[in-house]
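Take a look at the structure set out below.
Coordinate-derived values only; no laboratory data. Since the model is a prediction, treat every value here as computed from it, not as a measurement. In this analysis, Cβ positions are derived from the backbone assuming ideal geometry, glycine residues included, and neighbour counts consider all displayed protein chains.
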Amino acid sequence: MTDFLAKAPTLDANWRAVVLFGRNVASYKFGLAKSLLGLANRADDRVPLEELAAPFSKFLCDHLKLVDKQTTSKSSKFLDACRAFNRGELNEDELIGTTAKLGFVNVIDAFHVVGSGPVPVHFFEDERKGNNGGGGAIRITDDLRRLASSFQGNGLAEEAEARWRLVETAWHLDLPRAGIAVQADAAQDLLFLQADTGPGRGPRAAYRYQGYPARKAPSKATRALRPIGLQDCHEQLRFRLFISQLHDTISETAAFCLQYRSDKTREVPIQ
């Protein structure tokens, strides 16, 4: 992530570092990202949690209809409330109240953190009471407004949505965490997605955005995609293509991992 930002420390690069990199333990970050973009042009900088909860909870409810697993935790009272709303057991006011109380407990603190620390640019300031999610608000920054109104800002909500679909699909298919971690290689000017299918001697399904030497075909454990460098990724359309390609490869990654597990099971001798 450091190399990614060092190469182009722009507003959109900071935003994309948040969306692309970091731990994937819940999908709340993507819902908050889309909510912030939708609120960026409001007149008042201060956004009460109840107002933030409306779009945020809607995005989570919509995605729960697609994939029920939206976190790696075993349980979530907030997601249970969203599921109850989807079943018609909770009304909208109750959902928004529960979201304001429970939905932002961790995501507001964690949003700007990538790796061992926060990104240099903050897109909102935390103004919750005691920073415990029980009330208060956030305050959107001028950087968020500038980003949302820029040429790059036009496609950022779609990029967050594509990354969200990639992550939740990987969780649904029970892929290894490395299989959804985007990594940067500044020396080779590339972004890549790599999945380890087993410890030690296990094969590796690598999706690297770089070419293969002439006359050298990728092995069955590896699939190559069209080269897209870090510099290219700062152009909106190319970056959107990069995210789209990552999402398109996830089913192939899953198929390979499942086939590998099946092969390893058959290799165990019967005593």
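Below, the figures for the structure above:
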quantity: Of Lys29/Lys69; Lys34/Lys65; Lys58/Lys129; Lys34/Lys58; Lys34/Lys74, those spanning more than 20 Å from alpha-carbon to alpha-carbon; calculated: Lys58/Lys129; Lys34/Lys74
quantity: Loop-located trypsin sites (Lys or Arg not before Pro) in segment 70-134, at most 14 other Cβ atoms within 10 Å (DSSP); calculated: Lys74, Arg87
quantity: Two-site FRET efficiency, Lys77 against Val113, from Cβ-Cβ distance with R₀ of 25 Å, rounded to 0.05; calculated: 0.60
